[in-house]
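Input: a single structure, listed below in structure tokens.
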Number of protein chains: 2
Amino acid sequence: MDTNQFREAAHAAIEDIIEYYNTLPSRQVVSSVSPGYLAPQLPTTAPTTGEPWSAIQPDIDRLIMPGLTHWQHPNFMAFFPANASFPGIVGEMYSSAFTAAAFNWLCSPAITELETVMLDWVAQMLGLPECFLSKGEGGGVIQGTASEVIATVMVAARERALGRQAKGLEGKEAEDRIDACRGKMVALGSEQAHSSTQKGAIIAGTKFRTVSTKREDNYAMKGAEVKRVLEECKANGLIPYYITVSLGTTGTCAVDEFDAIAEVLKDWPDVWVHVDAAYAGSALVLPEYQHLTKSFVHFDSFNVNMHKWMLTNFDCSCMYVKKRSDLTTALSITPSYLRNAFSDSGLVTDYRDWQIPLGRRFRALKVWFVLRSYGISGIQAHIRGHIRLGEIFGSLIKTRPDVFEILTGPVFALTVFTVLPRRKAGGGTRGDLPDSSHERYLNDFTPDASGQALMEANAVTQKMYERVNEKGEIYITSSVIGGVYAIRVVSGSPAAEEKYIRRAFEILVETAEEVLGEPGNAAKD
Amino acid sequence: MDTNQFREAAHAAIEDIIEYYNTLPSRQVVSSVSPGYLAPQLPTTAPTTGEPWSAIQPDIDRLIMPGLTHWQHPNFMAFFPANASFPGIVGEMYSSAFTAAAFNWLCSPAITELETVMLDWVAQMLGLPECFLSKGEGGGVIQGTASEVIATVMVAARERALGRQAKGLEGKEAEDRIDACRGKMVALGSEQAHSSTQKGAIIAGTKFRTVSTKREDNYAMKGAEVKRVLEECKANGLIPYYITVSLGTTGTCAVDEFDAIAEVLKDWPDVWVHVDAAYAGSALVLPEYQHLTKSFVHFDSFNVNMHKWMLTNFDCSCMYVKKRSDLTTALSITPSYLRNAFSDSGLVTDYRDWQIPLGRRFRALKVWFVLRSYGISGIQAHIRGHIRLGEIFGSLIKTRPDVFEILTGPVFALTVFTVLPRRKAGGGTRGDLPDSSHERYLNDFTPDASGQALMEANAVTQKMYERVNEKGEIYITSSVIGGVYAIRVVSGSPAAEEKYIRRAFEILVETAEEVLGEPGNAAKD
């Protein structure tokens, strides 16, 4: 492909992309292909001789498009969003053109330096404490995903804690002490924390203990419970080294009790505290949420995924540490072929020592384009718009207490709710139920509940959830929260609009009515 | 940025990219900015209101371009290459437009299925044994970097070995046994293996032991030495669980003694063997190298970075495992919000269980475009071209035995050499040296050498290396190999041509003559 052919192919790609975005609402949001759809349509080996772009391009529409689930679709209301934007796409174009492995400063100083400045811009925009800016002992780095960030800080946390266990010892004695501790290290996280903490513990080769949460606390992790689990670990001879606190859990967007947890952890200085704000952290761009960052000065690290809710194409997870030497002490290895005068001088940042992979992409470019194209006010408007849609959706759900029960929210644009089974007698609406029945249902919202009412509610909720996704007009996710099978709806696509969320509500009501009307789905008494 | 503005910005970006590639040879290959050049030229915070693309675009040329080190430049002869290509760039355009987190099959079936087919294409193209294809128990996955791959397989290897240590035990007994073993786990790698193995051992929380190599073996790791280190580890109460073998080490592109190592490891079935072919693995596209894969059937995993030498923009590291359940057993966690009927059915691949991060980019698209655009023959021609340039460069170096001494190569396009200090007496050429002096110099090529001749050679080689990079016309790297300070030259950019490698040789000769002619740089006797 020479430059002229590239121009032609790239122009054609741009038209494809524009057409794709223009026609998104008319496409089915979730792919309906069957497993294994693609291989039979492709040759079993790479072609021997090259093909022109004109032979390749039609295959995107023919073979790839049917297999895409459209995360930018206005009816994508599942998981959390993965916002793309045109400035982000342009950023990736330049980034791929400037391809470099960029594992140290000299490998392309612009890649490192723009990243440092952009991460400072983002930290200030989100109201993070000054300790996370690059001018002091901390700073930010762009990683691929929140799970990669969590694995990285857990390794650094483990090494820091092990180093402290061996404090005062040297050589063989220190090594023996560390070896003896390895099997005792334990990471903590709320049972509502994202699964990446549990996976991070596996990667780091340590144990993992959950801190339980309650519905009456809105599934937030409380200081007292953290304290209890820490003490229990210690009593069992374990060494706690790490805890994830969440600003917006995956299930319900719960915000953990930061102040109280910080207070408890004053007695546990070897425990690294990481704030996982992967999704909801973007809301910190709004001044009304910035009070949430007040306690972060007591914590060790923080991350927010700009690729979720901040208009920056995947991948772009912004990670901050209060003390960068905590990372580099654990992760820095400098073989001779990576040495250079600039790195040796200590005047430059080598981000490879802040992460698991060696090489890195030029991700800061898309951040720069996004922040400049939208401005802070544009990003605020984007987030506020979704929060407003969440409020509207929550209000709609509340108009049908005969069918739906809100479990949590709307918060950070996420509403979590269940379907209420109907009582056989009269087949009436929720209004017909005696208050005591409703109370009994709520009381069953406990992790180990096995009550009849809860089982029935779970069954109809799951049925409705599956039916909605089968219909395929909207895409939503379910989650089991404290034993409750619940539906999560979050409309955070850049294409989201009120009409789509209202239509989603209609579909949910229709489908719930269908399911509830079917024999066998009514409450048993 | 609406669709019309996007079209305009993207067209402008395409012209920038074409202009960039057209003018590459006239740019200085390594950036000459000083540390901290960028921040003073940028605002300290993100703008409040958005800016048009016309305000942003000129800043790429003004602020970013001076800070780029041009890895696509024909005079980039440092590290290993990081090939970009136009089809790869077009792939990234579509990939960013289709932004999805894609952590499981249903999140976009095309992303998973194209990846599986492409990895089978690549495996067959490289002559990998059938056990690495997806049709059996193995298969491939695209990760970001070789270091990420190595960390991933080391975690899987550690878990597999720990599981076997606890074989026959259950519950608390099994856990106690595993806890007791954690501090004893040890990974091995040649002292010439890439530093990512050492870093992987840190991430996995285990010890690391090197296997030494010798110049007379061309720095290849030998079976006998692997056996010796394994036995030594065992004698010290350690549990070996992993070894990296290299097809093309970073320093010298050495190829480890696969057959003999496979033979030794028959007695160590719990040791996971990973083949790191990050760079040189691309040469397997040439039939004349495919005999190297014969022993791989005895090994557990393999990786090659298509983003190094195979025309696929960074990042694209292809990892293969012989038994995918070894990975998924260690890394799979499925919380309720990630469950779906397809994944539960076991009919689909969820690549999140093959890697550390949860979310993933649509990297297979660029692989598809690259393989189809070039065809196997085009990629073979690309690799052969560079190998030929390496041969030419090696021959040129050999024309000046008075100045240069080849340490290894040319092999896989890489030549590693040193500068020979001149004797004061007569100030003559290499030809004037008595043979015994040359022999003495070679005999000093041992890891712990401290001989005068070696120290002198190291000093002039380093001086010349630094001088060449300061001049800035070409960019090369140095490495210390078994105590020898050596220069690595590898011309693997897609823009590489014979005239550039010849000019590089001229620069090297000129600079060596300069350095050797300076007082204080002659040999002492």
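The values are calculated or read from the model by the stated rules, or taken from the named source; none is laboratory data. The structure presented is a predicted model; accordingly, all values stated were derived computationally and were not measured. When we count neighbours, we look across all protein chains shown, and the Cβ atoms used for this are built from the backbone with ideal geometry, even at glycine. When the accessible area is computed, the model is the full protein with side chains, heavy atoms only, and any ligands, DNA or RNA have been set aside. Shrake-Rupley method; radii C 1.70, N 1.55, O 1.52, S 1.80 Å.
Numbers below:
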item	result
Extension gain from A:ARG62 to A:GLU231, taking 0.36 nm per residue of separation minus the Cα-Cα distance	55.0 nm
Per DSSP, loop trypsin sites (Lys or Arg not before Pro) in the stretch B:118-166 with at most 16 further Cβ within 10 Å	B:LYS135
Mean separation of Cα contacts under 8 Å (6+ apart) over length of chain B, as relative contact order %	20
Shape box of the protein assembly as shown [Cα atoms, principal axes, largest first, Å]	112, 64, 54
Whole-Å semi-axes of the ellipsoid equivalent to chain A (Cα gyration tensor, √5λ, descending)	40, 35, 21
Nearest-10 value in Å² for the accessible area of A:GLU19, using the 1.4 Å probe	100
Residue mean of other protein chain beta carbons inside 10 Å, A:58-66	3
Two-site label geometry, B:THR44 and B:ILE507: point separation in nm, points 7 Å out along Cα→Cβ	4.0
With all protein chains modelled, accessible area of B:MET93 [1.4 Å, Å²]	0
Distance cut-off 21 Å, percentage of C-alpha pairs in the stretch B:54-188 lying past it	68
Cα-based radius of gyration of the stretch B:3-68 once divided by 2.2 N^0.38 Å, which approximates compact folds	1.31
With eigenvalues of the C-alpha gyration tensor scaled by 5 and rooted, the stretch B:165-239, Å	30, 14, 8
At 7 Å out from Cα toward Cβ: A:ALA235 inter-copy label distances (nm, ascending)	4.7
Candidate lysines for bridging to A:LYS366, where Cα separation is under 21 Å - those fewer than 8 sequence places away on the same chain excluded	A:LYS308, B:LYS366
Per residue value of the accessible surface for the protein assembly as shown (all protein chains in place, 1.4 Å probe), Å²	33
Reach of B:LYS135 by Cα under 15 Å, taken over aspartates and glutamates that are not fewer than 8 positions away in the same chain	B:GLU113, B:GLU115, B:ASP120
Net charge of neighbours whose Cβ lies under 14 Å from the Cβ of A:GLY346, counting Lys and Arg as +1 and Asp and Glu as -1	-2
For A:PRO287, label point 7 Å along C-beta direction: distances to other copies, nm	7.3
Efficiency of FRET between A:VAL297 and A:SER377 - r from beta-carbon atoms, R0 25 angstrom, step 0.05	0.40
Interchain or long-range residues, amide H under 5 Å from A:THR477's placed H	A:PHE79, A:ARG488
Charge dipole (debye, nearest 20) of the stretch A:3-68; +1 at Cβ of Lys and Arg, -1 at Cβ of Asp and Glu	160
Rounded to 5, the percent of DSSP beta bridges in chain A classed as antiparallel	55
Packing rank of B:249-257, A:63-71, where each peptide gets the mean count of other beta carbons within 10 Å, highest leading	B:249-257, A:63-71
Cross-link pairs A:LYS184/A:LYS227; B:LYS222/B:LYS294; B:LYS184/B:LYS322 - those with Cα-Cα distance over 23 Å	B:LYS184/B:LYS322
Kyte-Doolittle mean at least -1.0, axial Cα span of 15 Å or more - DSSP H helices of chain A	A:3-23, A:86-97, A:109-125, A:146-165, A:223-235, A:364-398, A:452-471, A:498-517
Per-copy distances of the B:ARG177 label point, shortest first, in nm (7 angstrom along Cα→Cβ)	3.1
Long-range tail of P(r) for the stretch A:99-361 (Cα pairs > 22 Å, %)	55
With 5 Å bins from 0: P(r) over the stretch B:294-349, alpha-carbon pairs, percent	4, 14, 16, 17, 16, 17, 11, 4, 0
Span from the the stretch A:321-375 Cα centroid across to the the stretch B:369-401 one, whole angstrom	32
Spatial separation of Cα centroids for the stretch B:111-151 and the stretch A:111-147, in angstrom	35
